[in-house]
Amino acid sequence: MTEIRPGVHWVGAINWDIRECGAYTTPHGTTYNAYLVQGSDSTALVDAVEGGFADEALRRIEKHVDPEDVDYIVCNHAEPDHAGAIGEIADATGAPVVCREACRDALEQHLPGDLEYVIRNDGETLDLGDRTLRIFEARMLHWPESTFTYLEEENVLFPNDAFGQHVAASQRFADETDWVMEEAERYYAAILQTYSTLVSRKLDELSDLEVEVIAPAHGGIWRPRSESSDPEISTEAIVERYGEWSAGEKEKKGVVVYDTMWGSTGEMAKRIAEGLMEGGAETRVFKLRESDTTEIAKELLTAEALFLGSPTLNSTMFPSVGEFLTFIEGIRPGGQGIPFGSYGWASASQNEMEERLADAGFDVEEGLTSKYVPADDELEAARRLGLDVAESME
Ligand code: FEO
């Protein structure tokens, strides 16, 4: 099923193999969604696909129209996973690229050549006859040139990366799978969380827009509750979730992230987790060298507290902990940040973690250290710390 509304077809590509996209993991692969919008006078392709997938998209376009009958290529985002194939698609169709000035400037950097441009800036429209595409700027969601396009007559929003999920599947609609919301959360945590203020603002700006279908550039398409097989996987549901995530709403949840050299910091992590569970907090524990940092980012999106554990190694933090801090300094999930760990003769990692957790936007609370191997009373203090933090959560 590729028709998402009358005369609006999914003509994208599926990347079943990709397991990393930039700094993030994509365990389920992804799709590059492109949509053919046929009006009475003109036909537009909204969004394109990654370089290397042009043939797949063109084969899907050919099922509906001769590619030479595509009149416009609407580009919402210049990142190569959506714009990489625009040159090949423009060659096959002869169509100009419709985009904002900011997007044209970015495309000229990414795709130097002879592309023809038709500029439509914020609020302007592209007339297809009986159908109208309206352009909305969506700056920093998540690049400066990011754009949302809205099909007025069918109430379809094409928001590119926003509302997406990295999921390669045979199903086109989000409600046809039962794990897509978790992937939407993981995607938000990794790609959009750092821009949450702008997400909130954009949701407010567009709240008067009647949106029935959200057709993102990755993963499943969101249908309205009235059409969805699952009301919790629908246009209304994902907009509500975006509202909660962008507002920074937290749950009674503690995430313990650590690495360990000879097991002492690991033992402290276990006891903190025991205290958290005793206090009724949802608890997740990740040993860094065995864990997927994108999964940790997803958990931190809604966690009230991060406990970060590192042994001191050569007068500094364990390398995996430093790498993790660099990762979350970009994402800035917020909440309490509580460092802990063991040391041999100088407790250097604790101060460093405190400083860097503060730099990453956490409210830093006093943590725990232990010399060499934690004694029974220190392990009890770790359990107590977890319990106290859990009980302080609402
Ligand atoms: Fe899916 Fe920002 O590219």
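The values are calculated or read from the model by the stated rules, or taken from the named source; none is laboratory data. In this text, all values refer to a predicted model and were calculated from it rather than measured experimentally. Every residue, glycine among them, receives a Cβ derived from its backbone with ideal geometry; neighbour counts consider all protein chains shown.
Taking segment 139-167 as the search range and keeping residues that are assigned to a strand (DSSP E or B) and of a type in the set (Phe, Trp, Tyr), which one is farthest from the ligand (Cβ to nearest atom)? Give the derivation first.
To start, the set of residues in segment 139-167 that are assigned to a strand (DSSP E or B) comprises 147-151, 156-158.
If we keep only those that are of a type in the set (Phe, Trp, Tyr) too, we end up with 148, 150, 158.
Details: Phe148: 13, Tyr150: 19, Phe158: 13 Å.
The qualifying residue farthest from the ligand (Cβ to nearest atom) is Tyr150.
Once segment 78-116 is narrowed to residues that are away from the ligand (no atom under 16 Å from the Cβ) and among the β-branched types (Val, Ile, Thr), the residue that is surrounded by the most Cβ atoms within 10 Å (Cβ to Cβ) is Val98. Within segment 168-186, the set of residues being free of Cβ contacts under 8 Å to residues at least 60 places away in the same chain, of a type in the set (Gly, Ala, Ser) and away from the ligand (no atom under 16 Å from the Cβ) comprises just one member, Ser170.
Looking at Ser207, is it more than 25 Å from Glu299 (Cβ to Cβ), without any contact (Cβ under 8 Å) to a residue 24 or more places away in the chain and either acidic (Asp, Glu) or touching a strand residue (DSSP E or B) at 6+ places or on another chain (Cβ under 9 Å) (or both)?
Values: more than 25 Å from Glu299 (Cβ to Cβ): yes; without any contact (Cβ under 8 Å) to a residue 24 or more places away in the chain: yes; either acidic (Asp, Glu) or touching a strand residue (DSSP E or B) at 6+ places or on another chain (Cβ under 9 Å) (or both): no.
Here the answer is no, as Ser207 does not meet what is asked.
Of the residues making up segment 90-131, those that are of a type in the set (Gly, Ala, Ser) and over 16 Å from Pro144 (Cα atoms) are Ala90, Ala92, Gly94, Ala95, Gly113, Gly123, Gly129.
Where residues in segment 237-257 are of a type in the set (Asp, Glu) and farther than 17 Å from Gln165 by Cβ, which of them is farthest from the chain's Cα centre (by Cα)? This residue is Glu251.
Give the residue, chosen from Ala281, Ala360, Ala303, Ala273, that is within 24 Å of Met140 (Cα to Cα), buried (at least 17 other Cβ atoms within 10 Å of the Cβ) and either under 26 Å from the mean Cα position of the chain (by Cα) or modelled with pLDDT of 95 or more (or both). Quick ask: steps written out before the conclusion?
Numbers: Ala281 fails: within 24 Å of Met140 (Cα to Cα); Ala303 fails: within 24 Å of Met140 (Cα to Cα); Ala273 fails: within 24 Å of Met140 (Cα to Cα).
Of Ala281, Ala360, Ala303, Ala273, the one residue that is within 24 Å of Met140 (Cα to Cα), buried (at least 17 other Cβ atoms within 10 Å of the Cβ) and either under 26 Å from the mean Cα position of the chain (by Cα) or modelled with pLDDT of 95 or more (or both) is Ala360.
Taking first residues from segment 61-78 that are within 29 Å of Trp143 (Cβ to Cβ) and partners that are within 16 Å of the ligand (Cβ to nearest atom) and of a type in the set (Asp, Glu), the Cβ contacts under 8 Å between residues at least 6 apart in sequence or on separate chains come to Val74/Asp47; Cys75/Asp47; Asn76/Asp47; His77/Asp47; His77/Glu145; His77/Asp161; Ala78/Glu145. Among the residues of segment 204-226, the ones that are buried (at least 16 other Cβ atoms within 10 Å of the Cβ) and either among the β-branched types (Val, Ile, Thr) or assigned to a helix (DSSP H, G or I) (or both) come to 4 in all.
Yes/no matrix, rows are residues, columns are (1) aromatic (Phe, Trp, Tyr); (2) within 15 Å of the ligand (Cβ to nearest atom); (3) within 26 Å of Glu176 (Cα to Cα):
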position	(1), (2), (3)
Asn15	no, yes, yes
Ala23	no, yes, no
Ala44	no, no, no
Asp47	no, yes, yes
Gly52	no, yes, no
Arg60	no, no, yes
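Do we find a residue being away from the ligand (no atom under 16 Å from the Cβ), over 18 Å from the mean Cα position of the chain (by Cα) and part of a helix (DSSP H, G or I) anywhere in segment 227-236? Yes, the conditions are met somewhere in segment 227-236.
Taking segment 237-290, which residues are among the charged types (D, E, K, R), more than 22 Å from Thr197 (Cα to Cα) and not in a helix (DSSP H, G or I)?
Lys252, Lys253, Asp259, Glu282, Arg284, Lys287
Looking only at segment 168-180, count how many residues are at pLDDT below 95 and in contact with an Asp or Glu (Cβ under 7 Å, 6 or more places away or on another chain). Counting residues in segment 168-180 that are at pLDDT below 95 and in contact with an Asp or Glu (Cβ under 7 Å, 6 or more places away or on another chain) gives 0. Of all the criteria given as (1) at pLDDT 95 or above; (2) under 17 Å from the mean Cα position of the chain (by Cα); (3) buried (at least 19 other Cβ atoms within 10 Å of the Cβ), the one not satisfied by Ile191 is (1).
Against the numbered list (1) over 24 Å from Glu79 (Cβ atoms); (2) buried (at least 22 other Cβ atoms within 10 Å of the Cβ), Ser170 comes up short only at (2).
Does Arg284 satisfy being of a type in the set (Lys, Arg) and either more than 24 Å from Gln165 (Cα to Cα) or touching a residue at least 40 places away in the same chain (Cβ under 8 Å) (or both)? Quick ask: steps written out before the conclusion?
Working: of a type in the set (Lys, Arg): yes; either more than 24 Å from Gln165 (Cα to Cα) or touching a residue at least 40 places away in the same chain (Cβ under 8 Å) (or both): no.
Considered against the rule, which asks whether it is of a type in the set (Lys, Arg) and either more than 24 Å from Gln165 (Cα to Cα) or touching a residue at least 40 places away in the same chain (Cβ under 8 Å) (or both), Arg284 comes out as no.
The set of residues in segment 73-109 being small (Gly, Ala, Ser) and either in contact with a Lys or Arg (Cβ under 8 Å, 6 or more places away or on another chain) or in a helix (DSSP H, G or I) (or both) consists of Ala83, Gly87, Ala90, Ala92, Ala102, Ala106.
Does Asp130 meet the test of being surrounded by fewer than 24 Cβ atoms within 10 Å (Cβ to Cβ), at negative phi and more than 16 Å from the ligand (Cβ to nearest atom)? Write out each step before concluding.
Details: surrounded by fewer than 24 Cβ atoms within 10 Å (Cβ to Cβ): yes; at negative phi: yes; more than 16 Å from the ligand (Cβ to nearest atom): yes.
Criteria met by Asp130.
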